[in-house]
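A short worksheet on the structure shown next.
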Amino acid sequence: MKHLLLIALLTGAAVAAQPARRPVALIVSGGTVLTQDAAHRALAPGAIAINGTDIVDIDTPAAIAARYSAAETIDARGDIVLPGLINTHTHAPMVMYRGLADDMALMDWLQKYIFPAEAKTVSPELVRIGTRLAAVEMIESGTTTFVDMYYFEEEIARAAFEAGLRGVLGETIIQFPVADAKTPAEGLARAERFIQEFKDNGLIVPAIAPHALYTNDKATLVASTEIGRRYGVPVIIHFAETDEEVKGARERDQMTPAAYLESIGFWGPKTLAAHGVWVTDEDIAILKKHNVGVAHNPESNMKLASGAAPVGKYLAAGVALGLGTDGAASNNDLDMFEAMRQASFLAKHATHDPTVLSARAALDMATIGGARALQMDGLIGSLEAGKRADLIVVGMSAVRQTPMYDPVSHLVYTTRGDDVKTTIVNGKVLMKDRQVRTLNRAAVIADANRLAQKVREAVK
Ligand SMILES: [Zn+2]
């Protein structure tokens with residue numbers, strides 16, 4: 001009897017010493033975890049517990065295993081785990097115009113090819129099929145949040161939601177008649193309806209996107225920013241992309257674009273300026289004063305020979321700087337790894353200074369920097385308990401990644417989008433071991449190829 005009692009006591013004590021493990025939906029365990037938090041904390045190896053939409057905990061694999069039991073576990077041993085990449089400027093459906101017109105300057109490219117092609121072919125169908133194609137490309141190359149500006153933006157929102165991607169999506173406002181609005185007033189009304197429809201969506205942040213200073217008059221710019229303020233949503237604009245744009249503003253308004261947009265009350269409180277290539281020190285101070293985020297697009301800027309944005313100056317001034325691919329018609333892909341690498345190379349090349357935009361600075365720009373530019377750094381951009389579970393697992397076993405001394409160097413200077421194995425957004429696994437779960441990849445490609453026939457006919 002005594003003996004049995006002793007056993008019972010011992011068993012009881014063992015149970016009491018081992019507290020029940022909390023059930024969670026998902027654990028990503030093993031590999032080098034780069035949190036991209038303020039201290040740039042890295043765990044090698046690390047593990048992440050995820051439940052619902054959120055990151056619950058980050059610690060060593062043993063500590064996470066002791067505290068949590070998971071419905072699904074992803075083995076990331078040998079890989080790098082990092083926050084999902086944030087593409088702060090693109091036009092998703094423009095993947096349908098990929099390679100349609102290359103090797104020319106922005107204004108020729110826009111006015112002779114892109115605007116006419118769009119006038120003949122943009123439709124809800126093209127936008128839907130194009131966005132699905134872009135979504136597969138983004139999921140497969142590790143982008144978890146994208147900022148978009150295009151037409152029929154509600155189709156983009158629906159396709160992004162279906163794909164499981166986070167989107168900051170701006171309905172385009174432009175002065176001339178376009179496929180989804182015959183006048184700017186129609187466009188503004190459309191944008192308002194779009195914002196109302198998606199403002200409470202957990203994945204989609206609706207926005208308004210006046211195309212540019214040179215494609216909108218003052219009244220339209222002011223009306224756009226007023227809608228942004230009224231609904232508390234982002235206002236996105238192409239800004240100081242070429243020296244031609246700046247010359248035009250100086251002639252028309254006797255001011256730089258930054259100063260003019262300030263003079264009409266356009267900036268703030270939630271504005272995102274894409275490009276910002278041709279800016280003075282005073283312009284940078286204006287952007288900083290109004291807390292404007294800037295989306296840097298090195299590949300598009302190089303391909304269209306627009307110039308090199310002064311990224312070092314922006315960072316020194318404390319401007320929130322994100323990275324973008326721009327639309328696939330001027331890049332010609334949506335691979336943010338390539339964008340990181342090219343951002344670093346362009347900054348070094350333009351300043352003749354190899355210390356400008358280090359690998360770490362480029363990785364910051366593609367993650368937490370982009371989140372700051374969107375004023376979403378409380379939710380995304382780094383791996384921290386309480387933030388949304390937007391993360392990627394990147395393979396590091398390719399020949400070109402061997403050997404590895406520095407994970408950050410490898411992510412920026414040798415890794416490609418194709419090396420991404422697993423993509424998770426809002427706690428949901430969108431791709432595991434390169435199998436996209438949310439969209440039918442083969443059907444998406446077939447639809448795009450079928451539609452490309454129509455585009456080909458239209459631009460003949
Ligand atoms: Zn653009």
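So here's what we get for this one:
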| read-out | value |
| --- | --- |
| Dipole magnitude of the range 221-292 about its Cα centre (Cβ charges: Lys, Arg +1; Asp, Glu -1), debye to nearest 20 | 420 debye |
| Peptides ranked, highest mean first, by Cβ atoms within 10 Å: ranges 211-222, 135-146 | 135-146, 211-222 |
| Base-10 log of normalised Debye intensity for the chain (one unit scatterer per alpha-carbon) at q = 0.07, 0.10, 0.11 Å⁻¹ | -0.36, -0.69, -0.83 |
| Amide H within-cut-off set for residue 54, under 5 Å, with H built and near neighbours excluded | 389 |
| For the chain, calculated [θ]222 nm from helices alone, where every DSSP H run of n ≥ 4 adds -39500 (n - 2.57) | -11500 deg cm²/dmol |
| Leading residue at positive end of dipole, the chain (Cβ point charges), from 165, 53, 29 | 29 |
| Sparse-neighbour loop sites [trypsin sites (Lys or Arg not before Pro); the range 227-294; at most 13 other C-beta within 10 Å; DSSP] | none |
| Inter-part distance where the range 369-431 and the range 51-111 are each reduced to a Cα centre, Å | 6 Å |
| Per residue solvent-accessible surface (Å²) - the range 30-177, probe of 1.4 Å | 31 Å² |
| The chain - percent of accessible surface contributed by carbon and sulfur, probe 1.4 Å | 56 percent |
| The range 132-265, relative contact order in percent, only Cα pairs under 8 angstrom and at least six apart counted | 19 percent |
| Relative packing of 387-393, 355-361, 370-376, which averages over residues the other C-beta atoms within 10 Å, highest first | 387-393, 370-376, 355-361 |
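The values are calculated or read from the model by the stated rules, or taken from the named source; none is laboratory data. What you are looking at is a predicted structure, and each value in this text was computed from that prediction instead of being measured. Positions of Cβ are backbone-derived with ideal geometry, glycine not excepted, and every protein chain shown enters the neighbour counts. With ligands, DNA and RNA removed, areas are computed over all heavy atoms of the protein, side chains included. Shrake-Rupley method; radii C 1.70, N 1.55, O 1.52, S 1.80 Å.
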